[in-house]
Each structure stands twice: as structure tokens, then as C-alpha cells.
Amino acid sequence: MRGWLSPIAIITAATAAYFGGPFLRFAAVYILGWSLAVFGAWLLLRYGLVNFGIGASYALGAYAAGLMYRYLHTADLAVHLLAAVGAAGAWGALNGAVGIKTRGIYYSLLSLSLSMVLYGVLVKFYTVTGGSDGLYMPDPRLLGVRIGTAGLLALAALLAAAWAALGEVFGRSYAGHVAAGIKINELRTSALGADVGRHILISSVLASIAAGLGGLIVGYSTSHVSPDFAYWVTSGKMVVGGLIASFLPWTWGFVASAALYQAVELYSLQFAYPELVVGGLLLAILAAWRLYYRR
Amino acid sequence: MVSRRDALKIGASFVVGLGLGAGLASIISGRPSAASQSGTTISLSPPTSSSATQTGQGKEVFKLGVVTFQTGPASIFGVPALNAAQLLVDEINKAGGILGAQIQLVVRDESGGPDKMVAVYKELVQQVGVDAYIGLISSADCLAVAPVAEDIGTTLTVFFDCATKQLVDQGMMKRVAFRTGGTTVTDGVSLAKYVLEVMPDVKTVAGLNQDYAYGHDEWDDFKNALLAMKPDVQIVGELFTPLFTSDYSAQISKILDLAPDLLHTSFWGPDLVNFIKQASARGLFQKVKVAFARGEFGLSQGMPDGQIVEGPDYHAFPDPRAYYVNRDFVNAYQSRFGSAPSYPAYHMANAVLGVKYAIETAAAVENVAWPDLSAVIHAFERLAYPAPGQYIIMAPNHNAMEGAVVGVSKGGDLEKFKFMYPAEVNPPVGVPSTQWIKSL
Amino acid sequence: MSLRKSFGGVKAVDGVSMDVEEGERLAVVGPNGSGKTTLINLLSGLLKPDSGDIYFKGIRVTNKPLHARVKLGIARSFQLPSLYQGLTVRQNAAIAVSALRGFSLRPVDEEDVRDALERFGLWEKRDLPVGSLSEGEKKILDIALAVVARPKVLLLDEPTSSVAEENKFELMEFVVGRLKGVSLVIVEHDLDIVEAFADRVAVMHSGRITAVVPPGEVRRMAV
Amino acid sequence: MAGFAISFLISFYVFFLNILMTSLGMAFTYGVTRILNLAQGTFFVLGGYLASVFAWQIGLAFGIAAAAAASLAFGPLFYLYVKALGRTELEQLFATYALLLIGEGLFKLVFGNGDYTTASLADGLGSVEVLGQQVPYSYLWGGAVAAALLALMYLLLARTRAGLYMRAVRDDAEMASALGINVREVGLSASALGILITAASGAASSMWQAFTLGLSGQILVYAFASLVVGGIGDLLGVVAASAVISAVRTAAVFLYPQLELVAIYLVVIAVLLTRPSGLFARHARLA
């Protein structure tokens, strides 16, 4: 039952971050939020699906709240959460339904194209969405009270813990085993009685909701959402985060991988050649993975 | 289970990784250091008045955060800007620093989007503890960072380049945030005025701009200013292209088809170069005159003669022979980096000098060794100071009233300069830009 | 109504009509390219027929996908054992158990996994990666995975191919002994096996069933 | 009307050429090795950078040829790199993503942040006037390079033993291996060739396109699109896909320019919804 320590570990880490000063508090919220998107990418990787459009869900979660605030002037957290889950869930269903027939590179490109259509819409409808400048995200309120940094950190930690718990359950579950089956040999899994399309559809929705909630949290933490959230490069980073997570043996691997990626990316910005720092790190991770996990 | 071959392979890849790491380390340590070897000293700073009457504790090190593009297509702006920052900081430090405090640059890359820029802002302010922050070229980045800066409210924050008018129109720079440059309104109005001077009979105009907020703003401001001043001008086409398009042949065909008297574009970076190359190969410049809002970088890339190019600053204006501040800046920049400073370098100079003068002025006014933030803000709101490109006049809306240089391309340079005075090309404080443009 | 399926201009199955009785073991024999595997693919739902219909216990299953037929009771094995490479025997069985459950987040019932493997004597090998099994064991595991669904009809595609000659008989005996009451459709080359285990034999040629005979007469037909 | 038609045709042709140039090498490499190379754009940009540097020293044609020749060395290196680090498809994806980032860093280190192009030299080639429209010769030469590369690939695949092996590996790597083909060596030569083609395309594109930082990733999406629309592993499919994409995009610019940004993606979505393995896929997938 060691896996059940994951949610506890996440909450503990978030609590520790709370006492680490304002920047660490912010960084913890940002990382926990981003990690939810990584979870989405990771979940689909369990099926062998490389989703280069997961950023669309991430963007939708944040835009749902940002647009709510802009047009309905509501900063209510419950409303925002519902809107984010609804928008991202619907998008996940669309992506899943549309992607059911495609696999491999075709699936990747289909999801990328879908997300880029959303990106195009967000940039194009300048007067509605704020265009490339993006939207302001308010401090969320719960029952009319600002939840503040502490509240946001608690929210992020709870969400991440909840999804870690889901990941733990998933790993042991029938559904998780079917995912492994689909990844290795889809036809065989289908011949054993699994409705592959249905599994992928449900997981797409779950992954999309996770990413949408992640976008909402990151949007709150930076008070801003922009179409960059939906750009395919953003999705690419999440896929890389998901890949690192899949190299890690723990259920909270998605949080660890998000923390590692974001920390290194932020750290790299102080150098004249940041790409070399991030690229070098990825190489080192891959080499380490190859060294330790050889069969 | 690891075979020898595989072990070797992994070992080799590790060595490659390590080599890369070592390479990185050497690059990092090899980045241009604070020590300058240039012989010329810029005589920008007035003698620092550190007299015995001052009270309070002075500062030894002044940490200055600078954030600008070092990677990606926009590094064509960011690199000259950072160069200018390093140059000026070295010169200021050599002359004794700011009130005796040596400036220490803390540089970050402006890559990763607005949310990453908020993260970087918080890191610099809350973690590194910079004394002032200068940064940002992208409008979206500024719009994301401004509310956060005001919310934290502890650190003087100067936007040096982002040209979005929203910062002013929506009053987003309330207390700690300032901008030492103009907006797209400055660009559009100055360009429109110049166009009407050199082409008084212009009848038909088309626009070709990048399809994002900046491109739309540049075009709207130019178009509206032109229409306000000459209502009989006809807009025959408004084209927008995705950022970083490599092929403009369809747009060029369309423009040749429309055959306007004038084409307006605010293209920058690879888009600007691609457009100039492809348009001149198709003979567009023989048929249509083009007004460039960001054309300076195209001058060395084969821009044909006779095209209208807006500064906002240009290294040959104000004439270095007459204006020593620009002369010293151009000479020092040229001898250290091998090329003349481009306009982002001037914008950075505005910001660095603004921070320095605001602090020194505040200290002098308050008669303290080191002024507190509110004193600096108070001083900055009313500051006017000489910068290499022009005299910068700060307005109470925390935005500089910046003028603009417009000229005509000739042999890779600009000529027939006209300087548009700040009051000519900026709305009065408190007047929304759209309303002001209509009244031109 | 007879089943038809063609690839490009090639008629792989060209008008086959047949029935399988409950508990019956029907062998399908015929030369390479006579359409035996295509027939299995049509029956299992891997391919859709160009024309014709398939009924199972009175239900038309012609357009039902693979997984839906499995739930009705039609399962299949593969000519080349189709196992989950890189996983252990137990993990393979766990996937087979899970495949019948829909998207369920409940933990996998280890008893079911154990039952599935014990029935075919593979429980002792549960922690071995499937790659390290012998060819015969792979065949058995492949069938064991299909049997998890408790099919009424099991389609066995060349169950003894790639197994060493001397082990074929033993293998079939072992498998058939554990499939009492299940109707079997066996595609097979080896006539000795067919004679020993089939109740009826369908002879296929050029996509058609040319004769259905008792096992004893197969040799005469083949000659 | 003739003027409009010709300007449409020119635009169509040029964008077609652009897409084709970016996707040919990628289609080739992916078709044979099944390595989804996120760093393919890096080699395209490398070709452009090298051509721009060389062309100023030794002239346009030699510069482009020299850039292509220099890139020959990178093919085997790339293959070894990927094979050493990534065995599964996901690991390979990871490895090429790292390479994309490292490539960007190295470009900045070596070439700085300027714009590199040979367009000024290509201006010297002049242009031909067709119905009142100037058509620069550089585009025609670019088309010739693309045709030559296609012909080279076709001859190699159809007429040589190496090509036979590549086709065998492309169709079924396991079977090819069982038949005694050294899959590794075939993959090595295919990636070397794919990278050569990509770099040569980039070098030729420098006649009308500027190369600068951040381009490697931008290019990738176009290459992906034509690869997927065309159906993997078919050269003519890639040509046809490039034509389809260019036609739709050019029509969008002329008729409804607001759609330019998303036109290409809409094509991809439409194709994948109706033909999940590409418009011109040669192998039927099992249901």
C-alpha cells in the first residue's frame, strides 16, 4: 500500500513550500497546477497515445474561468471549477471521439491540429478572448472570500493529491491493465473483449479534465491566461513531462517530473543558452533511464 | 544483463552529456562579463552629489534584473537590448555606480510565454531580491506582469519596449510600474504624419501585418490616424498573416492585384526579412511604396531605396556630431559589439538611465543617502532626462512621452529624417488613445 | 446467405455457408491461401464480410465489433501467439481478465487471474516474462487468455503451428481436455491432429468449402 | 482573370514548394526507420544556415551543394544518437526533442541571432515575366532541386539493392530482419539520406527564406501535416499532400484570409477523420 503515500507526500511537500517564503509558495502552486496537465499527458501515454494537443485542455480550463470573470464578473471558485471541468471534459470527449480511429503519429497530429484550431480561435477573436494578449485571471473567491495564496496552494495540493490517488487506483485497476494491453497490442486486447474506443474516450475525458484543472490553477497563480497555453509547444513540454513521469516508479511521479522540468526551465532562463541547459538535462535523464532500466 | 556493447554505448552517451554540460558551464562563465575593455567613457551621468549633509544608510550593491529575449526569433531585439544594458551598467559602475552602489545585472531570458514571465518576475523580486526590474519586449508579457508587479508592489518595475497601448489606456501602471518607451500609437501617428508629408496625394492604402495583438494594434493606429488626417484615403485591403510565416507569395500576389499607393506593415524578425526578399523578387517595390513600422532591421537585408521607415530611434539621429550623448553611446556600442545600436538598444538605454536618474533625483530631493521606493516613484513620475536617442519626458500616467524618428531608406541607411515631437505623437495624459487619434 | 470477402481482386472467402453445433469440434483444412484464416477473421470480427451474415445463437453478429462478439461468447486465438511482450505471464492474464470489465477503476481480482492460469497449468510460471516461455507454452497461454472470456465458441487458428512435431499431439490433448463443452473451430494443417480431435471436417479450397466430412474420410479427400 | 489565375498559381506553386521541401526528408526518414524525428526541422534550418554562410564565399549553387554535402555527416550521427538513447518509440521521441533544444542552443552559439538567407544572391538569378507577373528564377531552381531530390529518392528506392532493402524494412522490419537484411545499416543509410534531403531542401529554400532562431520547431508542423495527409512511406503521397495543403491555404488567403492560420489544421483534421491513415495510404488497416 505504499502507493497511498503519494497524496500524503504531495500535501506534505505543499505544506513545506508554504513555509518557504512567497516565491516558493508561488512556485509550488505553479508546479502543482502544471503537474495536472502532465498527469493528463501521462495518462494518455499509458495507452501509447502521444497527445500533442493536451495544451488545449489546459487553456480551456483557464479560459473558462477568465471568460466567466470578464463577462459574468464572477470570481467564484466553485463556478470556475465547474466551468473548467465542463469545458475541458467536453473537449476531451471531442478529442477522444475524433481520435478513436487514429493511432501513433496520426493521433498525435490530429490532437495537435485540434489544439491549433483552438489556438487560432483564441488569437483570432480578439474582442472576445483578448487575442494574443490573453485575459486577466482574478483571485478566486470561495463564498465571497478571497482564498489568497494559502488557499490557492491548498487547492492545488488537494487537486494534485486527488489525481495522484486516482493514478494509484488506475494503476491497480482493470482499466489500468487494459491501458497497458492497448499500448502493447491493441488488436489482441480488443480480441479479449475490451472496447478500446470506449477506454480511450473515457481516458481522454479524464486527461482533459486534469489538464483543464491544471490550466485553471496556473492561470490563478499568474493572474493571466494567454493563447500560449494552447500552443502545441506547450503541449510538447507536457508530453515530455509525462514521459519523464512514466520513467519514474512512483505514483506522484507526475508532480516530481513537473517540478523537475519547471525548475530546470526557470533555472535555464538565466543563461544565454537556455535550450542547451534543458536539452542537456533531458539527455542526462534519458541516459540515466537507459542505464538503470535495462531489461 | 547489460552487455559490454550496450554499456559502452550508454557510457558514450553519458560522456557526450557530460561534455555538453562542461561546454555549458564554459559558455555560462564565458558570457560577457561586467568588466568592460572599451576605452571611451560615456559622460551620461551628471556628477553624483554625495555630500556630507545626506542622511541614512547608502547601498553597496544595486541588483538590477533585466529580462529580454535571448533566444527565439525575437532575440534580434533582445540581444542588442541586453548589450546596451551591459554597456551602460559598466559605464555607470565605472563612474561610481548609482549613489555609490555598484550595479549588478541579473539577466533572464524572456522565453516561455506570459505565465513564465510572471514566474520570472516573482523569482527576481521575491527570491533574488532585485532592487529594480527592467524588461519585456512582448506585449502579452507586459500585460501579464504589470498587475502582478502592482500587486506585489515592492519593486520599481520598468517596461522598456513592449508597445501595447493597453498599459496606458487601462491605467495598468499605477504605482511601481513604468514604461520608458512609446506605444503603437506613437508608431502609427508618426508614420501617418510622415506619409502625408512625403505623399500628400496618397489615395489607396493596404495593410499587411502579423495576426496577433501587436500587428492589429499597429495597423489600427496607423489606419485611424491616417483616416483622421485625410478622410478621403481609401483602405483597399487589410491582410494579416500568422507569426513566422515563411512564404508571403499569396499575400504579395494579392497586394499586386490591389495595387495600392501605399502598403503599411509592422513586420519584424524573420517575417520582415522574408517579406522584403520575396516582395522585391516579385517586383512589389517598383509598384507600391511601403511604410515600415519596424523597418530598421530590414535596412541591412536588402530593403530597396525610397521606403518609409519609422524609428522609434535611429543611430544617426539625433546627429551624433551635434548631440554628444548619442555620439558616446554609438561609439561605445560600436567599438564593443561591432555594429551600430538598433532601436531596442536605445529603448534599453531609456530604461536603465531612467532608473538611475529617478533614484539619484529622489535622493537629492529627499536629501538621503538612499531613497525609499515611494520617493523614487514620486521622482520618476515627473522625470525628464537625456537619453542617447532623445530627451525622455515621463508623464503622470507612468509612461514616457516618446517622440519618433521617421526617414526614408537609402543604400541600407535612413535619410530625410523627421523627428516627431512627443506631444505630436502621444495622446495627452488622461485622454484615451482612440479618442485622441480621432481628433487629429 | 453465404459469406464473401475479397481483397482487391482476390476472393479470399467466396460464398461459405456452414453451421457449428454446440459442443462440436469443427476442423477447417485446406491448402495455404484457401481462405481458412480469413474465415476465422470474419467469424471473430477482425474483418467485416463484403456480403453474407453471421448468426450466433440466433443473434445477427455480422456488424458487431470484435470485443462485442467476445462478450457474446466468440473468442479466438492467434496463429502466431499474440501475447503482451515485455510483461509477465501473470500480467498477461490480468489484462485478459480486465479486458472483460469495461472502464472499471476497481482493483484487479487476483483470484480470477489465478483461475485463468491454473486451468492451463501456468500458475507456476506466473512471474516469468512471456518471452522466456517455450513455443508450446506460448500457444497455451494465448489460448488461456482467450478462454478467460468463457467463450461458447473458440476459434483456434493453427493451434499447433510452430510447435515441435513430437509435442503437437500432447499440446492438443492438453488444450482440448480443458475445453469441455466449448464449441471449437480449428484451422489446422496436420491431418493426424484433425483426425484425432475433430468431430467434423470442412475442406476449403479457393475460398469455398468443397466438402464437409467425418474425420476418417479426410485423408481420402486430401489425396 | 488571367492575371488573377497566374498570381494564384504562383502563390500555390511557391507554398507547395515550401511544404514539399520541409516534408520530403522527414517522410523518407519516418517511412523507413519509423523514427518520429522532432529534430528534423533542425536539419532543415542547418541546411539554410550553412548554405547562407557558404554561398557568400563560393557562390550560390556551390554554396547550396556544399551545405548539402556537409550535412551528409549528420545522418549517421543522428541515427547512432537515436539508437543509443531510444529503443522504444517514446524514448526516441524524447531523444529527438532533446536534440531539437540542443540544436537551437548550438545555432545561437555558432550563428548568433541574425537572419541568414541567400536571397540577395538569388536576386541575381533574375525573374521571368508571365502575363504581367514577375516569377523569380529562384523558385524555378528550387522546384528543380525538389524534382531532382524526388528523382534521386525514386531511383534509389526502385532501382537499387539498398532501395529494395529500404522498402523491405519499411513494409515489415521484422520480416526483413528474418530475411537477413541488416535493419540497422538500412536505417542508418535511410536517416543519412533523409537528413541529406532535408538539409538540401533547407539550403535551396534559403534562396527565398530567412533562417533564424526558433525556426526549427515552426517548420515541423508543416512537415507533420504533409506527412500525415500523404500517408506514410509514399513519396508521391507527400507530393500530393503538399499540393492539397498548398491549394487549400492559398485559396484561404485569397478568399477568406482569416482562416489562413487554421486552414492547414482543418485539412489535417478532415483527412484524418475520413481516411485515418492518410489520403494516399497504400496499406489498408485492419478494421
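The values are calculated or read from the model by the stated rules, or taken from the named source; none is laboratory data. Values in this document were obtained by computation on a predicted structure and should not be read as measured data. A quick note on method: Cβ atoms are made from the backbone with ideal geometry, for glycine too, and the neighbour counts reach across all protein chains shown. With ligands, DNA and RNA removed, areas are computed over all heavy atoms of the protein, side chains included. Shrake-Rupley method; radii C 1.70, N 1.55, O 1.52, S 1.80 Å.
Can you pull out every residue in region D:171-190 that is open to solvent by 40 Å² or more (accessible area, probe 1.4 Å) and in contact with a Gly (Cβ under 9 Å, 6 or more places away or on another chain)?
Correct list: D:Asp171, D:Ala173, D:Leu188, D:Ser189.
Look at region D:201-218 and say how many of its residues are aliphatic (A, V, I, L, M), open to solvent by less than 10 Å² (accessible area, probe 1.4 Å) and assigned to a helix (DSSP H, G or I).
Adding up the residues that qualify gives 2.
With the requirement that a residue be of a type in the set (Asp, Glu) and either free of Cβ contacts under 8 Å to residues at least 12 places away in the same chain or open to solvent by less than 60 Å² (accessible area, probe 1.4 Å) (or both), what does region C:174-205 give you?
Result: C:Glu188, C:Asp190.
This table checks each residue for (1) touching a strand residue (DSSP E or B) at 6+ places or on another chain (Cβ under 8 Å); (2) open to solvent by less than 50 Å² (accessible area, probe 1.4 Å); (3) under 22 Å from D:Phe211 (Cβ atoms); (4) of a type outside the set (Phe, Trp, Tyr).
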{"residue": "D:Gly63", "(1), (2), (3), (4)": "no, yes, yes, yes"}
{"residue": "D:Ala70", "(1), (2), (3), (4)": "no, yes, yes, yes"}
{"residue": "D:Ala73", "(1), (2), (3), (4)": "no, no, yes, yes"}
{"residue": "D:Phe107", "(1), (2), (3), (4)": "no, yes, yes, no"}
{"residue": "D:Thr118", "(1), (2), (3), (4)": "no, yes, yes, yes"}
{"residue": "D:Ala122", "(1), (2), (3), (4)": "yes, yes, yes, yes"}
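Does D:Leu164 satisfy the criteria of being open to solvent by 20 Å² or more (accessible area, probe 1.4 Å), touching a residue at least 12 places away in the same chain (Cβ under 8 Å) and part of a helix (DSSP H, G or I)?
no
Checking the condition in contact with a helix residue (DSSP H, G or I) (Cβ under 7 Å, 6 or more places away or on another chain), of a type in the set (A, V, I, L, M) and surrounded by 16 or more Cβ atoms within 10 Å (Cβ to Cβ), which residue from D:Leu131, D:Leu149 passes?
Criteria check complete, one pass: D:Leu149.
When you go through (1) modelled with pLDDT of 95 or more; (2) under 28 Å from A:Ala175 (Cα atoms) one by one for A:Tyr261, which number turns out not to apply?
(2)
Let me confirm something: among B:Ser249, B:Ser266, which residue is open to solvent by less than 10 Å² (accessible area, probe 1.4 Å), more than 26 Å from B:Asn224 (Cβ to Cβ) and in contact (Cβ under 8 Å) with a residue 12 or more places away in the chain?
B:Ser249 is the lone residue from the list that is open to solvent by less than 10 Å² (accessible area, probe 1.4 Å), more than 26 Å from B:Asn224 (Cβ to Cβ) and in contact (Cβ under 8 Å) with a residue 12 or more places away in the chain.
Quick check: anything in region B:329-348 touching a helix residue (DSSP H, G or I) at 6+ places or on another chain (Cβ under 7 Å) and either more than 24 Å from B:Leu105 (Cα to Cα) or not assigned by TED's automatic domain parsing to the domain that holds B:Ala95 (or both)?
No, region B:329-348 contains no residue that is touching a helix residue (DSSP H, G or I) at 6+ places or on another chain (Cβ under 7 Å) and either more than 24 Å from B:Leu105 (Cα to Cα) or not assigned by TED's automatic domain parsing to the domain that holds B:Ala95 (or both).
Can you name the condition, by its number, that A:Leu248 falls short on among (1) at pLDDT 95 or above; (2) more than 12 Å from every other protein chain (Cβ to nearest Cβ)?
Single failed check for A:Leu248: (1).
Go over the candidates B:Asp161, B:Asp151, B:Asp90, B:Asp169 one by one and state the one that is more than 9 Å from chain A (Cβ to nearest Cβ), out of contact with any His (no Cβ under 6 Å at 6 or more places or on another chain) and more than 29 Å from B:Ala369 (Cβ to Cβ).
On inspection, the qualifying residue turns out to be B:Asp169.
If you go through region B:248-280, how many residues are within 8 Å of chain D (Cβ to nearest Cβ) and more than 19 Å from D:Phe254 (Cα to Cα)?
Looking only at that region, the number is 6.
Are there any pairs, at least 6 apart or on different chains, whose C-beta atoms fall under 6 Å, with the first in region B:110-125 and assigned by TED's automatic domain parsing to the domain that holds B:Ala74 and more than 15 Å from A:Gly33 (Cβ to Cβ) and the second open to solvent by less than 20 Å² (accessible area, probe 1.4 Å) and polar (S, T, N, Q), and if so, which?
B:Glu110/B:Thr68; B:Ser111/B:Thr71; B:Val125/B:Thr155
Scan A:Gly33, A:Gly92, A:Gly96 and give me the residue that is out of contact with any strand residue (DSSP E or B) (no Cβ under 8 Å at 6 or more places or on another chain), within 29 Å of D:Gly278 (Cα to Cα) and within 13 Å of another protein chain (Cβ to nearest Cβ).
It is A:Gly96.
Would you say A:Ser132 is crowded, with 23+ Cβ neighbours inside 10 Å, out of contact with any helix residue (DSSP H, G or I) (no Cβ under 7 Å at 6 or more places or on another chain) and either among the small types (Gly, Ala, Ser) or within 14 Å of chain B (Cβ to nearest Cβ) (or both)?
No.
For region A:191-230, how many residues meet the condition of being surrounded by fewer than 23 Cβ atoms within 10 Å (Cβ to Cβ) and outside any helix (DSSP H, G or I)?
Total meeting the criteria: 2.
Residue by residue through region B:281-306, note down the ones that are away from every other protein chain (no Cβ under 14 Å) and either open to solvent by 20 Å² or more (accessible area, probe 1.4 Å) or over 16 Å from B:Tyr248 (Cβ atoms) (or both).
Result: B:Lys289, B:Ala291, B:Ala293, B:Asp305, B:Gly306.
Note down all Cβ pairs under 9 Å where the first residue falls in region A:196-216 and is within 23 Å of C:Arg101 (Cα to Cα), the second is among the charged types (D, E, K, R) and open to solvent by 20 Å² or more (accessible area, probe 1.4 Å), and they're at least six residues apart or on different chains.
Final answer for the pair search is A:Val196/A:Glu186; A:Gly197/A:Lys101; A:Ser203/A:Arg46.
Any chance you could count how many residues in region A:161-195 are within 7 Å of chain C (Cβ to nearest Cβ) and under 18 Å from A:Ile100 (Cα atoms)?
13
Could you check region C:9-113 for helices (runs of 4 or more DSSP H) lying wholly inside it with 2 or more residues that are facing chain A (nearest Cβ under 9 Å) and touching a Leu at 6+ places or on another chain (Cβ under 8 Å)?
Because the criterion is at least 2 residues that are facing chain A (nearest Cβ under 9 Å) and touching a Leu at 6+ places or on another chain (Cβ under 8 Å), the helices (runs of 4 or more DSSP H) in region C:9-113 that meet it are C:66-72, C:89-99.
Scan (1) open to solvent by less than 30 Å² (accessible area, probe 1.4 Å); (2) at pLDDT 90 or above for the single condition D:Gly86 breaks and write down its number.
Checking D:Gly86 against (1) open to solvent by less than 30 Å² (accessible area, probe 1.4 Å); (2) at pLDDT 90 or above, the one that fails is (2).
One line per residue, one yes/no per condition, for (1) in the same structural domain as B:Ser111 (by TED's automatic domain parsing); (2) of a type in the set (Val, Ile, Thr); (3) crowded, with 19+ Cβ neighbours inside 10 Å:
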residue	(1), (2), (3)
B:Ser139	yes, no, yes
B:Thr154	yes, yes, no
B:Arg175	yes, no, no
B:Leu191	no, no, yes
B:Glu197	no, no, no
B:Gly207	no, no, yes
B:Asp221	no, no, yes
B:Val233	no, yes, yes
B:Val236	no, yes, no
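How many residues does region B:368-399 hold that are surrounded by fewer than 21 Cβ atoms within 10 Å (Cβ to Cβ), part of a strand (DSSP E or B) and in contact with an Asp or Glu (Cβ under 9 Å, 6 or more places away or on another chain)?
Count: 1.
Scanning for something open to solvent by 40 Å² or more (accessible area, probe 1.4 Å), out of contact with any Gly (no Cβ under 8 Å at 6 or more places or on another chain) and at pLDDT 95 or above, does region A:142-155 turn up at least one residue?
Yes; the residues of region A:142-155 include at least one that is open to solvent by 40 Å² or more (accessible area, probe 1.4 Å), out of contact with any Gly (no Cβ under 8 Å at 6 or more places or on another chain) and at pLDDT 95 or above.
Name the residues in region B:264-304 that are within 20 Å of B:Ile235 (Cβ to Cβ) and charged (D, E, K, R), would you?
Within region B:264-304, B:Lys287, B:Lys289 meet the criteria.
Would you call D:Ser246 within 14 Å of chain B (Cβ to nearest Cβ), assigned to a helix (DSSP H, G or I) and within 13 Å of the chain's Cα centre (by Cα)?
Judged against the criteria, D:Ser246 is not a match.
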